[in-house]
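Student: Shown below is the structure under consideration.
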Amino acid sequence: MHTQVLQSLSKIGHYNETEQSQITDRLEEANVGAGEYQLSEGEVCRHFSFLDKGLVGHYYRTSELEQVNIHLWKPGDWVLDHQSFTSRKPSVNRIVCVEESTVLRISIDSLHELIGISPTFFSLGRILEAAATNSYHQDIKSSPEEKYRRLLDKEPGLLQHFPLKQIASYLGMTPETLSRVRKKISL
């Protein structure tokens with residue numbers, strides 16, 4: 001199970017066998033049911049997780065019926081609320097499993113422990129950086145077509161896993177606009 005985590009980590013830094021063990025020894029496996037929260041509004045994000053299986057959404061509510069998707073994660077992605085995790089303040093967002101999921105979590109305390117062992121582990125911060133900068137889809141200057149093309153280029157797997165209503169919210173457009181853009185691009 002740790003093979004995928006280690007493959008993901010190899011993209012952000014080089015870890016020898018001892019360092020790999022030090023990381024994997026601190027991972028906590030959790031099975032989370034569909035509709036269950038990994039993070040509720042008002043809680044502090046104390047872990048970041050590797051999504052081994054399932055689908056996870058990160059959103060905030062604008063009303064009781066309306067939600068705005070910030071991130072949509074599929075297997076192989078790292079899951080966290082960057083703002084809450086780094087500030088250790090309560091989140092204004094929610095992270096929920098869209099379907100039954102398996103995650104491998106590492107706590108902020110374990111992260112600090114690893115950094116205390118070796119400066120090599122500072123490279124784990126790149127996971128946090130990626131979470132902070134993964135908002136290209138929210139660029140209000142881009143047209144709906146540009147946003148959709150970027151999604152096709154950078155994260156095409158999301159289209160196979162999430163309902164179009166969630167994809168539209170993730171891209172900052174209405175489902176009707178997304179439908180028109182998809183139709184236009186497929187012609």
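Student: Mind ranking 50-62, 110-122 by how tightly packed they are, going by the mean number of other C-beta atoms within 10 angstrom, highest first?
Tutor: Details: 50-62: 18.7, 110-122: 14.3.
Sorting 50-62, 110-122 by mean packing, highest first, produces 50-62, 110-122.
Student: First measure r as the distance between the Cβ atoms of I108 and E17, then evaluate 1/(1 + (r/R0)^6) with R0 = 25 Å and state the FRET efficiency to the nearest 0.05.
Tutor: Values: r = 25 Å, r/R0 = 0.99.
Computed FRET efficiency for I108 and E17 comes out at 0.50.
Student: Let me ask something additional. Given the whole protein assembly as supplied and a 1.4 Å probe, what does the accessible area of E100 come to in Å², nearest 10?
Tutor: Near enough 120 Å² of accessible area.
Student: Considering only L178, V103, G57, whose Cα is most displaced toward the positive end of the charge dipole of the chain, charges sitting on Cβ of Lys, Arg (+1) and Asp, Glu (-1)?
Tutor: Going by the charge dipole, the pick is L178.
Student: Could you let me know the centre-to-centre spacing of the range 1-56 and the range 138-169, using Cα atoms, in angstrom?
Tutor: Cα centroid to Cα centroid, the span is 25 Å.
Student: Ok, one more. Tell me, what is a quarter of the convex hull surface for the C-alpha atoms of the chain, in nm² with one decimal?
Tutor: Details: hull surface 44.7 nm².
About 11.2 nm², averaged over all directions.
Student: So what is the orientation-averaged projected area of the range 29-139, using the convex hull of its C-alpha atoms, in nm²? Don't jump to the answer; show the numbers that get you there.
Tutor: Details: hull surface 28.8 nm².
If I average the Cα hull's projected area over directions, I get 7.2 nm².
Student: Oh, and also: For V92 and S8 in the same chain, what is the full-extension length gain: residue separation times 0.36 nm, less their Cα-Cα distance, in nm?
Tutor: Values: separation 84, 0.36 × 84 = 30.24 nm, distance 2.81 nm.
Extending this stretch completely gives an extra 27.4 nm.
Student: Excluding ligands, DNA and RNA, what is the solvent-accessible area per residue of the chain at a probe of 1.4 Å, expressed in Å²? Numbers along the way, then the final one.
Tutor: Working: 10140 Å² over 187 residues.
Per-residue accessible area for the chain comes out at 54 Å².
Student: Moving on to the next point. Within the chain, what whole-number % of the accessible surface is contributed by carbon and sulfur, with the 1.4 Å probe and all protein chains included in the calculation?
Tutor: Values: 4980 of 10140 Å².
Looking at the chain in its full context, I get 49 percent from C and S.
Student: On a full-extension model of 0.36 nm per residue, what is the gain between D25 and K165, subtracting their alpha-carbon distance, rounded to one decimal in nm?
Tutor: Working: separation 140, 0.36 × 140 = 50.40 nm, distance 3.86 nm.
Gain on stretching D25 to K165: 46.5 nm.
Student: Percent relative contact order of the range 20-77, based on C-alpha pairs within less than 8 angstrom and at least six residues apart?
Tutor: Values: 44 pairs, mean separation 15.7, N = 58.
Relative CO of the range 20-77 lands at 27 percent.
Student: For the chain, what does the helix formula give at 222 nm: sum of -39500 (n - 2.57) over DSSP H segments with n ≥ 4, over the residue count, nearest 500 deg cm²/dmol?
Tutor: Details: 9 runs with 78 residues, N = 187.
Result for the chain, helices only: -11500 deg cm²/dmol.
Student: List, in the order given, every pair from K53/K154; K11/K141; K53/K89; K53/K184 whose Cα-Cα distance in the structure shown is over 26 Å.
Tutor: On the way: K53/K154 20 Å; K11/K141 31 Å; K53/K89 28 Å; K53/K184 33 Å.
Violating the 26 Å Cα-Cα cut-off are K11/K141; K53/K89; K53/K184.
The values are calculated or read from the model by the stated rules, or taken from the named source; none is laboratory data. Given the structure is predicted, the values throughout are model-derived calculations rather than measurements. As a convention, Cβ positions derive from the backbone with ideal geometry for all residues, glycine included, and neighbour counts pool all protein chains shown. SASA here: full protein model, heavy atoms, side chains in, ligands and nucleic acids out. Shrake-Rupley method; radii C 1.70, N 1.55, O 1.52, S 1.80 Å.
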